[in-house]
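The values are calculated or read from the model by the stated rules, or taken from the named source; none is laboratory data. Quantities reported herein were computed from a predicted structural model and do not represent experimental measurements. So basically every Cβ, Gly included, is an ideal-geometry build from the backbone, and we count neighbours across all protein chains shown.
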Amino acid sequence: MTKLFKLFFDIALLRAAPQDIPSSTFLSISSVVIYALLSASISAIELALPNAILSALVDTGLLIALAHVSLSIAGASERKTQTVTALAGTGALVQLLAWPTFYWLSHIGEAESALLFIPQWALLLLVLWNIVIIAHILRHALSLSLPMTIGISVLYTYFSIRMASILFIAASST
């Protein structure tokens, strides 16, 4: 388990690639489940549990769709298992790091509002790092240039954030 965590961390630091991950359906499913659970726990900071679960399922579905659609278009379907595993594993790692920041943002009081910029900047840096990680994984999986995969990652991240905000707005209006 420690070796796998180190591998995900090395991918997040751009020192390893998705092809370094064993092609295992069990590992892929496990990574996706952990990603979804962490996504739900972050969403539960602001949303009721049913809405947090829905948000996590949508987020996880978008991550899997990114891998499947992009690899299908590129004609590299044989890389799906490793790519999904890499995206979910590194995504879970980033979520672990982001959880305290989301918690801090949701519990910051009016008296502490002068310190609001700290978690906001931390969250921005995590989002930018996640974009780079996704681009790195897609660059190896799709055999495209880094600028091209950064563009794909930015579009994916924008769409993912938009979907989350739509769900958040829908959940808060009920």
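Remarks
- Extreme residue, nearest to the chain's Cα centre (by Cα), among residues of segment 2-41 that are on the phi < 0 side of the Ramachandran plot and outside any helix (DSSP H, G or I): Leu13
- Looking only at segment 42-95, residues that are in contact (Cβ under 8 Å) with a residue 12 or more places away in the chain, charged (D, E, K, R) and part of a helix (DSSP H, G or I) come to 3 in all.
- Options Leu62, Leu87, Leu93: the member that is more than 18 Å from Ala12 (Cβ to Cβ), at pLDDT 95 or above and either of a type in the set (Gly, Ala, Ser) or out of contact with any Asp or Glu (no Cβ under 6 Å at 6 or more places or on another chain) (or both): Leu62
- Considering only residues in segment 8-35 that are without any contact (Cβ under 8 Å) to a residue 24 or more places away in the chain and of a type in the set (A, V, I, L, M, F, W, C), the one that is surrounded by the fewest Cβ atoms within 10 Å (Cβ to Cβ) turns out to be Phe26.
- Selection status of Leu38, buried (at least 18 other Cβ atoms within 10 Å of the Cβ) and either more than 17 Å from Met163 (Cα to Cα) or modelled with pLDDT of 95 or more (or both): yes
Yes/no matrix, rows are residues, columns are (1) within 20 Å of Leu96 (Cα to Cα); (2) of a type in the set (S, T, N, Q):
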| position | (1), (2) |
| --- | --- |
| Lys3 | yes, no |
| Phe9 | yes, no |
| Leu14 | yes, no |
| Leu37 | yes, no |
| Thr60 | yes, yes |
| Ile73 | no, no |
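- Test: residue in segment 119-135 that is surrounded by 12 or more Cβ atoms within 10 Å (Cβ to Cβ), aromatic (Phe, Trp, Tyr) and modelled with pLDDT of 90 or more: yes
- Residue within segment 107-127 that is among the hydrophobic types (A, V, I, L, M, F, W, C) and within 12 Å of the chain's Cα centre (by Cα) present: yes
- Hits in segment 116-171 - residues which are of a type in the set (S, T, N, Q) and either free of Cβ contacts under 8 Å to residues at least 60 places away in the same chain or not in a helix (DSSP H, G or I) (or both): Gln120, Asn130, Ser143, Ser145, Thr149, Ser153, Thr157, Ser165
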